[in-house]
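The values are calculated or read from the model by the stated rules, or taken from the named source; none is laboratory data. Note that the structure is predicted; figures quoted are calculated from it, not measured. Cβ placement follows ideal geometry from the backbone for every residue including glycine, while neighbour counts extend to all protein chains displayed. Side chains included, ligands, DNA and RNA excluded: accessible areas come from the protein's heavy atoms. Shrake-Rupley method; radii C 1.70, N 1.55, O 1.52, S 1.80 Å.
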Amino acid sequence: MCVTVGCLAASCICRSCIAAPNRMVARYIYGIFFLLCNLLAWMARDYGSSSKNLNRALVHYFKSCRGGFECLGSDGVLRLSFGCFIFFLLMYLTTVGTSSTNDIRDAWHAGWWPIKSLLWVALMVVPFLIPSSFIQYYGEIARFGAGIFLMIQLLSVINFIYFWNEDWLSERNEHCCRMPMVITSILSYVVSLFANVVMYIWFAPYFSCKLNIFFITWTLVLILLMTTISLHSKVNAGLLTSGIMTVYVVFLCWSAIMSEPDSAVCNTQPRQTGKGDWLTIVEFAVGFCAIVLATFTTGTDSKSFSITRKDWSEMHSNVPYSYGFFHFVFAMGAMYFAMLFVGWSPHQTMHKWSMDVGWTSVWVKVVNEWIAAAVYVWTMIAPLVLKNRDFS
């Protein structure tokens with residue numbers, strides 16, 4: 001299965017190695033590699049264990065697969081995630097620090113697709129030769145890698161919100177964007193407050209639902225805190241940034257509660273049960289695409305994490321984006337998608353067509369929400385606390 005998919009990918013992109021390296025197109029090709037890793041991991045989890053022929057093949061060719069079960073299901077997800085992680089880790093190690101299009105590493109990043117396609121296929125197969133005990137260790141390490149990915153994604157989101165605000169307040173857009181800014185700010189708060197009311201109705205219908213009541217109420221407290229600080233005269237961050245952040249933290253709270261398992265009686269809404277109905281499949285497809293899109297957009301946002309904030313267009317020979325950071329994000333994203341498919345627990349049994357379900361997933365999202373609010377608040381008060389630092 002891995003070899004067939006890899007050969008198809010290689011044949012589709014082989015022509016790109018003949019022409020001059022296209023650095024922007026290369027991003028999408030790496031995105032296709034990452035998407036294929038996700039698809040293979042999903043197939044190994046949902047359909048691998050039920051395929052008798054595949055089980056026989058695994059037992060015959062891979063001695064580390066005892067009965068085939070230690071290479072499929074959650075274990076199969078971790079093995080394919082490990083291969084994807086190693087692929088992008090190697091790309092990171094061979095491209096980090098590339099700053100010129102004349103560097104040979106630039107050509108390696110944007111070309112040599114037949115070789116990299118064969119490397120990708122090999123790394124999709126080799127993990128199935130590794131003992132299951134090592135894969136379980138990787139599963140524990142992947143939790144930390146997934147956490148790093150969430151932090152990078154969080155900083156990227158906050159940076160985008162500030163960029164949006166600064167762009168609309170610039171001299172070029174100040175007059176034409178004044179009304180859209182007011183409307184967007186008001187709409188953000190209306191949507192956030194309405195969503196909180198709906199969460200109380202759907203997710204906390206009884207007084208005994210103390211945990212959900214706590215999650216929702218604390219989200220309201222965070223909204224009030226962020227808004228109050230943003231309107232302070234010494235901060236004056238405006239309502240647009242805080243309004244969009246309220247939508248973001250409410251989304252994280254909503255997503256966290258929806259990740260509660262079926263045993264959570266307080267959640268009155270339909271959840272992922274593995275029945276394969278159209279709603280479940282659509283939700284899974286949206287979540288699946290969100291993983292790839294989040295990894296891709298975060299990986300290309302290296303300027304958000306630049307210490308010197310140097311203008312990348314100053315020198316003609318400079319690369320259009322940080323190759324090393326791009327591959328590092330994809331490497332962490334490989335760990336992240338593994339955690340979503342196994343519910344952040346390698347020993348947890350997941351339903352078909354399900355993603356990121358379980359109490360561990362709930363607390364990961366809730367803590368991510370709290371950290372998001374804390375980081376945003378810090379970006380507002382840091383210039384007041386650290387007066388000797390330049391935050392321009």
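Only one of I371, I307 is modelled with pLDDT of 85 or more and open to solvent by 10 Å² or more (accessible area, probe 1.4 Å); which?
Details: I307 fails: modelled with pLDDT of 85 or more.
When all the criteria are applied, what remains is I371.
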State whether one or more residues within region 327-345 are in a helix (DSSP H, G or I), open to solvent by 50 Å² or more (accessible area, probe 1.4 Å) and modelled with pLDDT of 80 or more. yes
Would you mind finding the one in N173, N196, N165, N159 that is modelled with pLDDT under 85 and surrounded by 13 or more Cβ atoms within 10 Å (Cβ to Cβ)? N173
Taking L240 as the residue in question, decide whether it is open to solvent by less than 50 Å² (accessible area, probe 1.4 Å) and within 30 Å of G83 (Cβ to Cβ). no
Name the pairs whose Cβ atoms lie under 8 Å apart, with the first residue in region 253-274 and open to solvent by less than 30 Å² (accessible area, probe 1.4 Å) and charged (D, E, K, R), the second modelled with pLDDT under 75 and part of a loop (DSSP other than H, G, I, E, B), and 6 or more positions between them or separate chains? E260/R271
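Tell me whether region 107-117 contains one or more residues that are among the hydrophobic types (A, V, I, L, M, F, W, C), open to solvent by less than 20 Å² (accessible area, probe 1.4 Å) and either over 23 Å from F341 (Cβ atoms) or part of a helix (DSSP H, G or I) (or both). Quick ask: steps written out before the conclusion?
Initial filter on region 107-117 (among the hydrophobic types (A, V, I, L, M, F, W, C)): 107-108, 110, 112-113, 115.
When the remaining residues are screened for being open to solvent by less than 20 Å² (accessible area, probe 1.4 Å), the result is 110, 113.
Filter again for either over 23 Å from F341 (Cβ atoms) or part of a helix (DSSP H, G or I) (or both), leaving 110, 113.
Looking for residues that are among the hydrophobic types (A, V, I, L, M, F, W, C), open to solvent by less than 20 Å² (accessible area, probe 1.4 Å) and either over 23 Å from F341 (Cβ atoms) or part of a helix (DSSP H, G or I) (or both), one finds at least one in region 107-117, hence yes.
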Quick one: is K210 touching a residue at least 40 places away in the same chain (Cβ under 8 Å) and basic (K, R)? no
Unique match (being at pLDDT below 80, open to solvent by less than 50 Å² (accessible area, probe 1.4 Å) and either out of contact with any Lys or Arg (no Cβ under 8 Å at 6 or more places or on another chain) or not in a helix (DSSP H, G or I) (or both)) among V377, V357, V319: V319
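Residue check: is S230 modelled with pLDDT under 95 and within 25 Å of the chain's Cα centre (by Cα)?
No, not satisfied.
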Within 15 Å of L119 (Cβ to Cβ) and modelled with pLDDT under 75 - does that describe any residue in region 14-29? yes
